[in-house]
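Visitor: One structure coming up, written as structure tokens, with questions to follow.
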Amino acid sequence: SQGFIYIVQIKNEDNNVVSLSWVTGEVRSSQELGMSISWMPQEPGKYSIDRFVWNSIKESIPLTDTVSTEILIQ
């Protein structure tokens, strides 16, 4: 099994972090997990969402590539 931390960072148009959330867990090699974190924007605008999967917060070794998405809240 592999320990992991799933991190979601959300930044506003000014590149300020408005939300930082994480979930830790363990997964087996043949197992698939679907991860999600809830977030409610406080104001309209363009936001950048970055998702990371690392082995731990202490070692910070990436287990996957960073996935980035931009969204527009009106």
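Visitor: For LEU72, which of the numbered conditions (1) at pLDDT 95 or above; (2) within 13 Å of GLY3 (Cα to Cα); (3) aliphatic (A, V, I, L, M); (4) touching a Gly at 6+ places or on another chain (Cβ under 8 Å) fails to hold?
Guide: Status for LEU72: all satisfied but (2).
Visitor: Where in the chain are the strands (runs of 3 or more DSSP E), entirely inside, with at least 3 residues that are touching a residue at least 40 places away in the same chain (Cβ under 8 Å) and surrounded by 12 or more Cβ atoms within 10 Å (Cβ to Cβ)?
Guide: So the answer is 2-11, 45-54.
Visitor: Go through the stretch 40-70 and count every residue that is within 11 Å of the chain's Cα centre (by Cα) and aromatic (Phe, Trp, Tyr).
Guide: 2
Visitor: Among the numbered criteria (1) of a type outside the set (Phe, Trp, Tyr); (2) modelled with pLDDT of 95 or more; (3) in contact with a Lys or Arg (Cβ under 7 Å, 6 or more places away or on another chain), which one does SER1 miss?
Guide: (2)
The values are calculated or read from the model by the stated rules, or taken from the named source; none is laboratory data. Note that the coordinates shown come from a computational prediction; the quantities given were computed from them, not determined experimentally. All Cβ positions, glycine included, derive from the backbone under ideal geometry; neighbour counts span all protein chains shown.
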